[in-house]
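Some notes on the structure that comes next.
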Amino acid sequence: MELLQACSRAAKALAQLEKASETLDFNSFEKGKSALAEEMSRLLDWEKQVAQMEARLRDEEAVLRSDTYRQKLEDALRKVSLFFEPNFPIYRIPPFELRLVFDEKLVHLRLGRRTQKTGLFEPLALAEWVKKQYTSIVKRPFKARQFFSDLLSAYQVGNRMIYGAEKGQDVLWGRAIALKQIYELLTLRAETRAEYRKEHFVYDLARLRASGLTYDEYSVEFGYTKNQKGSFILPDLSSGREERFSTLTIYHNKEG
């Protein structure tokens, strides 16, 4: 902190010195020069101060794998009101997985295929970072019927593109459409895709599954193919487990 303050004061003194030079303010220039020299003298031992901070980091790194650190981290997670399943150094915070990768000096927070990383290990700082990511996904409003309506529209478009348009046919209900294509149809505009990220789509699919898969005369079925490249990993919100799906099929129950 002392080094940071000295750097800040030195930068301020240098700015005043430059201003005095530009405005031909001779007295202010001399005062600024003295102030800058004083602050720069305080910076001469910067290596010593950095070495002290580095030593502290080494001391803290030595206890990262300990029960002491585990307890502090779990207390911090509770403090920010996060429910978790403890299995240090891996935690389930549905729908996320939090993994402390000590060898990389990184923390991974995974939802489906997407993994976010941070170098924060201080317990409260890490807990607050996780809470921020958690809130951005879980606390988003969700209207199941509206989301299903959007899925239905995207499914109909994708269905016609694959099965109907070239053959002069209408929607062929009960045919599988890739979830990857559904997402692309929902986010055709670049700005929409930036706002509605894949992890949002994944969690909305999970919430749809939890709320029910039948709407009016339609029912929804998730499936998978052998090719897992375009699959999505959906959390089961009731059990915390994960399942891999790659297709969406909608049935029109009253047809015919």
Which of the residues spanning segment 114-128 are part of a helix (DSSP H, G or I) and either at positive phi or in contact with a Lys or Arg (Cβ under 8 Å, 6 or more places away or on another chain) (or both)?
-> Pro123, Leu124, Ala127
Qualifying residue in segment 213-231 (condition: more than 12 Å from Leu151 (Cβ to Cβ), in a helix (DSSP H, G or I) and at pLDDT 90 or above) = no
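Within segment 45-63, does at least one residue satisfy the condition of being in contact with a Lys or Arg (Cβ under 7 Å, 6 or more places away or on another chain) and either touching a residue at least 24 places away in the same chain (Cβ under 8 Å) or among the acidic types (Asp, Glu) (or both)?
no
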Mind checking which pairs have a first residue in segment 128-146 that is under 20 Å from Val107 (Cα atoms) and at pLDDT 90 or above and a second that is hydroxyl-bearing (Ser, Thr, Tyr) and surrounded by fewer than 16 Cβ atoms within 10 Å (Cβ to Cβ), Cβ under 7 Å, 6 or more apart or different chains?
-> Trp129/Thr118
Arg160 vs. criteria over 26 Å from Pro141 (Cβ atoms), exposed (fewer than 15 other Cβ atoms within 10 Å of the Cβ) and at pLDDT 75 or above | no
Those residues of segment 198-256 which are touching a residue at least 40 places away in the same chain (Cβ under 8 Å) and loosely packed, with under 13 Cβ neighbours inside 10 Å, in sequence order = Gly212, Gly223, Glu255
At least 3 residues that are in contact with a strand residue (DSSP E or B) (Cβ under 6 Å, 6 or more places away or on another chain) in each: list the strands (runs of 3 or more DSSP E) lying fully within segment 1-103 that qualify.
-> 90-93, 96-101
Hey, can you tell me all the residues within segment 104-113 that are under 10 Å from the mean Cα position of the chain (by Cα) and either aliphatic (A, V, I, L, M) or in a loop (DSSP other than H, G, I, E, B) (or both)?
-> Leu109, Leu111
How many of the residues making up segment 93-127 are closer than 27 Å to Ala210 by Cα and touching a residue at least 60 places away in the same chain (Cβ under 8 Å)?
-> 6
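The values are calculated or read from the model by the stated rules, or taken from the named source; none is laboratory data. In this text, all values refer to a predicted model and were calculated from it rather than measured experimentally. As a convention, Cβ positions derive from the backbone with ideal geometry for all residues, glycine included, and neighbour counts pool all protein chains shown.
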